[in-house]
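Comments concern the structure below.
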Amino acid sequence: MPTDIGDTLYVRHNQEREHLSRGSNYIRMNQSAVVSYKKRKQLTKKEHDKIINQVKDYLAIYHRVDRTLPIYDIYSENLQQRLDLRYMAPLSMSSRIRAQREKNIVRSIHRKLKKYKHLVRVTEKSGVFCVLRTQDHEQKAIEYREKTKVYKELSSNRFEATLNKVIRLLNNLHAKQGKLRAWQYNEMRPNVKTCKLAYMYFNPKTHKDGTPFRPIMHTIDSPTTNISRLLDRLIRPIFNEKTKHTSIIDGAHLIKRLRQYANDGHLRPTTLFCTFDINNLYTMLPQQQSLDILVEFLQTHDKHRVQGMDIATIRELARIVIEENAFVYRNKYYQQIIGGAMGSQFTLTLANIFMCKWEKESICRQLPSFEIYGRNNNGVLSTSVYHKTTSEPYVVPFESDHPRHIFRNIIRAALLRAVRYSSTFEAFNTERRSIRLMLLYNGYPSTYINSEFRKFFHQYDIHDSDSSILPMITDERQFLAIHNRIAPTPTPR
């Protein structure tokens, strides 16, 4: 039982505790089965119309396909049949009972949370639920705002003003020759029918001392979201290309670079490895300085135009993304005056560009996130999978209503990481046991785990007896054979 659930004061019913412990990735079985036939029809109609419109919009914008083609009628009919088969087909009695039972459990949790003034939040990184007193949550939120001084309270809703600013800027740029191409203008223009004010919430970081909060901005339908998406799509590939020699994608990529570092003769008994963490990076970026560094980055790499868009236009668009960030929180309106929204796509790219300059000036290279554990033993590099002591051993629960291939992929990905990160058979075996315990903890049957382990090893011509209690490779030679085949595989960007 995750401690974030077990320590809660009022949610004491075993079924409720068990349901919460399944975490945020758990999907209830047959949720639509416990609603009325009329409601299910409405849901399928809404889903059908949404998919059809998305397909037509995509094909019309990117491939200039006529929206009135007869083939859409055939596609619409087939889609409706599929949705009816999925949502309207009768269920077995046992499935209906389970669906109703889980619905009742969720309702009971909602009632108790409201009655005792508690709320549920998803913990940062681990993905498990954390139950907090509303009073404690609000106190931490106030402390965060006062400490960072990132947000300014507004006297009124600024949504209409922000929306008008965005539309006016795009119209002005589009009217000027050579500023925006038609497709860029169309992609960035907000949909006034679906556009809405952003809102903020906090995720507790239970893996850190004192359980600090991370502010998350829900900006999916905000006025600047489309601009943020396009800028990210234009600028991020340039950043990735220009920093590929100093950037680390993941642990496997880091190990490959470290081996090359050792082969080049740079690894010595006195070599030290270190990593660092920057608190509140996205929300503490100086806005004007970040824009200046963005311009400098593009100029340094001779990117005076990016798909027809000049640097001045890019800066103006980036400015409105980070400056016009108004949102609502607990029925009060705020504006972010420092940094960018944690949740806006372009904020990540802008933060990376800002950090790239800072790293060059401060330490001359970019350090990776600490996913692996590395040790320099008299010039011999040893690596293994690193687990934070505060992290929950959580993956998608086996009882969740996910497609079955998701569970196979989880096991395969964990084993691939174990082989890639482990420099010795002993390190791999330790991680293999950790994977097994994690899967058992999340409800995966032992026989299923054994079967998927065997399938993984069989791909690399490692076979054991089907009667083996713990399907595994048995010696260093077998491990190195798999390791040498997997380790050189490039990590996709």
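The values are calculated or read from the model by the stated rules, or taken from the named source; none is laboratory data. Please read these numbers as outputs of a predicted model, since none were measured by experiment. We place every Cβ from the backbone using ideal geometry, glycine too, and count neighbours over all the protein chains shown.
Filtered by the rule that a residue be in a helix (DSSP H, G or I), free of Cβ contacts under 8 Å to residues at least 60 places away in the same chain and either within 18 Å of the chain's Cα centre (by Cα) or surrounded by 18 or more Cβ atoms within 10 Å (Cβ to Cβ) (or both), region 176-229 gives a lone residue, ASN226.
Each row is one residue, and each column tells you yes or no for (1) over 24 Å from HIS218 (Cα atoms); (2) in contact (Cβ under 8 Å) with a residue 12 or more places away in the chain.
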| site | (1), (2) |
| --- | --- |
| LYS256 | yes, yes |
| HIS266 | yes, no |
| GLN288 | no, no |
| THR300 | yes, no |
| ALA312 | yes, no |
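Counting only residues that are polar (S, T, N, Q), under 18 Å from HIS483 (Cα atoms) and surrounded by 15 or more Cβ atoms within 10 Å (Cβ to Cβ), region 432-460 holds 0 of them.
Which one of these is farther than 30 Å from GLU153 by Cβ, within 27 Å of the chain's Cα centre (by Cα), surrounded by 14 or more Cβ atoms within 10 Å (Cβ to Cβ) and of a type in the set (Phe, Trp, Tyr): PHE354, PHE327, PHE346, PHE297? Lay out the reasoning, then the answer.
Working: PHE354 fails: farther than 30 Å from GLU153 by Cβ; PHE327 fails: farther than 30 Å from GLU153 by Cβ; PHE346 fails: farther than 30 Å from GLU153 by Cβ.
Selected residue: PHE297, the only one of PHE354, PHE327, PHE346, PHE297 that is farther than 30 Å from GLU153 by Cβ, within 27 Å of the chain's Cα centre (by Cα), surrounded by 14 or more Cβ atoms within 10 Å (Cβ to Cβ) and of a type in the set (Phe, Trp, Tyr).
For region 32-41, residues that are surrounded by fewer than 16 Cβ atoms within 10 Å (Cβ to Cβ), under 17 Å from ARG82 (Cβ atoms) and more than 27 Å from the chain's Cα centre (by Cα) total 1.
Which one of these is part of a helix (DSSP H, G or I), farther than 26 Å from GLY178 by Cα and in the same structural domain as ASP221 (by TED's automatic domain parsing): GLN289, GLN260?
Working: GLN260 fails: in the same structural domain as ASP221 (by TED's automatic domain parsing).
It is GLN289.
Would a scan of region 49-65 turn up a residue that is more than 30 Å from ILE105 (Cα to Cα) and in contact with a Lys or Arg (Cβ under 7 Å, 6 or more places away or on another chain)? Yes; the residues of region 49-65 include at least one that is more than 30 Å from ILE105 (Cα to Cα) and in contact with a Lys or Arg (Cβ under 7 Å, 6 or more places away or on another chain).
Total residues in region 260-282 satisfying the condition of being of a type outside the set (A, V, I, L, M, F, W, C) and within 29 Å of the chain's Cα centre (by Cα): the figure is 5.
Checking the structure you have, find out if any residue of region 118-140 is among the small types (Gly, Ala, Ser) and over 27 Å from GLU18 (Cα atoms).
Looking for residues that are among the small types (Gly, Ala, Ser) and over 27 Å from GLU18 (Cα atoms), one finds none in region 118-140, hence no.
For the list (1) modelled with pLDDT under 90; (2) in a loop (DSSP other than H, G, I, E, B); (3) surrounded by fewer than 17 Cβ atoms within 10 Å (Cβ to Cβ), I need the number of the one condition that LYS360 fails. Against the list (1) modelled with pLDDT under 90; (2) in a loop (DSSP other than H, G, I, E, B); (3) surrounded by fewer than 17 Cβ atoms within 10 Å (Cβ to Cβ), LYS360 comes up short only on (2). Helices (runs of 4 or more DSSP H) fully within region 60-169 that include at least 1 residues being surrounded by 12 or more Cβ atoms within 10 Å (Cβ to Cβ) and under 27 Å from the mean Cα position of the chain (by Cα): 93-115, 134-148.
Is it the case that LEU294 is within 14 Å of ILE238 (Cα to Cα) and assigned to a helix (DSSP H, G or I)?
Details: within 14 Å of ILE238 (Cα to Cα): yes; assigned to a helix (DSSP H, G or I): yes.
Yes; evaluated as a whole, the condition is true for this residue.
Selection over region 300-324 of residues that are more than 27 Å from the chain's Cα centre (by Cα) and among the acidic types (Asp, Glu) gives a count of 3.
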